[in-house]
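Below is one structure, written out as structure tokens; the observations come after it.
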């Protein structure tokens, strides 16, 4: 078999691996690099359990060859938490019980993160359409959608320059004047 | 299997001509990898065209557009000017698969995969898109509907590949639209797809029209009768009824698990009617 040497960045770390020419990125991640967060559900791009970001773009790792990853920046679910501090989406998925068996969860987390990076205030419909390529057979989706919307609301609050405080300050200013 | 990622069209053409055995061109790979996984094809070599910088871009070609064969559907959706010019084509591209699939899939690949149900093909055919084909003797252009010979078969010769798709200039009072029917809301294969492009005159009368029907024949059907039903009218109810009848008559579908012949013929008419209204309204907005 024709081996390909691939140089990438995975979750911020320069990473090199060798794989067979017809090996998918998903197999390379799981079997060569031990990154087993991305799951193989269908292997044909229908379920989204293997969702990863490649150069910031959400893709199915099963629909891409490892060889295609040369020079790419790859983000997997393993890169979401900061040490033991969970990503807000991960925490909300726990709070909302947005998972049962957990096989689809890494894919949903990566896909939802990609959505919130593009749109910090998605409607429920936008969330459902964005996540239509991620299948879950346990939750009925509702808890997942609520977890994503709740995370978006929290992240918006956290990133706002606190207009309430600013108002107070100006009111105070008027009083003293 | 060998994997090649040439940096130029010339190099790609050379590889396609010299590689031994079964050679596949790869753009997004979202169809090719599925076929490999299912054992439907076992390539001896893959020529990945995504490393050819020129094929990663959407550029203006004269007054029209050139969409590189390695441009993803998602990238098309993010190009505001392209979306404004040919919303039907961009919307069709953004119906292919999921968000994940759209991150990789290309309209050139959608065309060359030669599925009768390909979403972007009727939309492209309606606006008169051309495939730019690179080969050993340089490039040639063919209308997209001429590239597909039948399910899974194209007219491409060995060492040829589609390097870009050209869309024509969007003139005043032109509008396009693509609609498809699927039993779900998302992530499904068209049971019927209809692409329509029409041009109105200053008084709102239809001067020219192209109607392309997908998934109701082995290849996309360009219906001259359906176009005739619109030309010379204001695309009013009577014209839309005639359009629907023409599309139902021209559709040559098969019966399968996704729809019966009778149902598909009926839906071809219904979708054509709705797509013509959208195209007409877009043409009016563009006056």
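Observations on the structure shown:
- Choice from A:161, A:122, A:88 showing the highest fluctuation, given a GNM over chain A with Cα pairs closer than 10 Å: A:161
- Here the Kirkwood formula, the inverse mean of 1/r across different C-alpha pairs, assigns segment A:112-154 a hydrodynamic radius of 10.4 Å.
- Length-normalised contact order for segment B:1-49 - Cα pairs under 8 Å, 6+ apart - percent: 59
- GNM flexibility winner over chain A from A:67, A:49, A:111 (Cα, springs under 10 Å): A:67
- Along its first, second and third principal axes, ordered by size, segment A:3-76 spans 28, 24, 19 Å in Cα coordinates.
- Legend: translational diffusion of segment B:1-141 by Stokes-Einstein, Rh = Kirkwood radius over C-alpha pairs, 10 °C, 1.306 mPa s; D = 102 µm²/s.
- Only Cα pairs under 8 Å and 6+ residues apart enter the sum, and on that basis the relative contact order of segment A:3-76 stands at 39 percent.
- Inter-part distance where segment A:40-97 and segment B:234-287 are each reduced to a Cα centre, Å: 40
- The protein assembly as shown: proportion of alpha-carbon pairs further apart than 44 angstrom, %: 18
- Chain A: relative contact order as a whole-number percent, Cα under 8 Å and 6+ apart: 21
- Per-selection Kirkwood Rh - segment A:1-128 (Cα, Å, 1 d.p.): 15.1
- Partner chain coverage, peptide B:32-44 - average Cβ within 10 angstrom: 3
- For peptides B:267-280, B:136-149, sequence by mean Cβ density within 10 Å, most packed first: B:267-280, B:136-149
- Packing-based ranking of A:74-86, B:168-180 yields B:168-180, A:74-86, ordered from highest to lowest mean Cβ neighbour count within 10 Å.
- Between residue B:242 and residue B:41, the C-beta separation translates, for a Förster distance of 51 Å, into a calculated FRET efficiency of about 0.70.
- Zero-based 5 Å bins, Cα pair distances in segment A:47-96, whole percents: 5, 18, 23, 22, 16, 11, 5, 1
- Kirkwood-Stokes translational diffusion coefficient of segment B:157-233, alpha-carbon pairs, 4 °C, 1.567 mPa s, µm²/s: 88
- Counting Cβ atoms of other protein chains within 10 Å of each Cβ in A:58-71 and taking the mean gives 6.
- Cβ crowding within 10 Å ranks B:86, A:130, B:65 as A:130, B:65, B:86, fewest other Cβ atoms first.
- Shielding by other protein chains, B:89-97, mean Cβ within 10 Å: 1
- Here the protein assembly as shown carries DSSP beta bridges of which approximately 85% are antiparallel, counting only pairs with both residues inside.
- Extension gain from residue B:188 to residue B:136, taking 0.36 nm per residue of separation minus the Cα-Cα distance: 15.0 nm
- One compactness figure for segment B:1-49 is 1.09, namely its Cα radius of gyration divided by 2.2 N^0.38 Å.
- Among B:200, B:156, B:82: highest mean-square fluctuation, GNM of chain B, C-alpha pairs under 10 Å: B:156
- Residue-averaged 222 nm ellipticity for chain B, from DSSP H runs of 4+ at -39500 (n - 2.57), nearest 500: -10000 deg cm²/dmol
- Solution diffusion estimate, µm²/s, Stokes-Einstein, segment B:174-285, Kirkwood Rh from C-alpha pairs, 37 °C, viscosity 0.692 mPa s: 240
- For chain B, the alpha-carbon coordinates run over 58, 44, 33 Å along the three principal axes, in decreasing order.
- When each of B:40, A:141, B:3 is scored by the number of other beta-carbon atoms lying within 10 Å, the sequence from fewest to most is B:40, A:141, B:3.
- Neighbour counting of Cβ atoms within 10 Å sorts the residues A:13, B:201, A:22, A:150, fewest neighbours leading, into A:13, B:201, A:150, A:22.
- Degrees, to the nearest 10: A:163-176 long Cα axis against longest axis of chain A: 20
A short reminder: the numbers here are calculations on the coordinates, not readings from a lab. Keep in mind it's a predicted model, so treat the numbers as computed, not measured. Here Cβ is always computed from backbone atoms with ideal geometry, including for glycine, and neighbour counts include all displayed protein chains.
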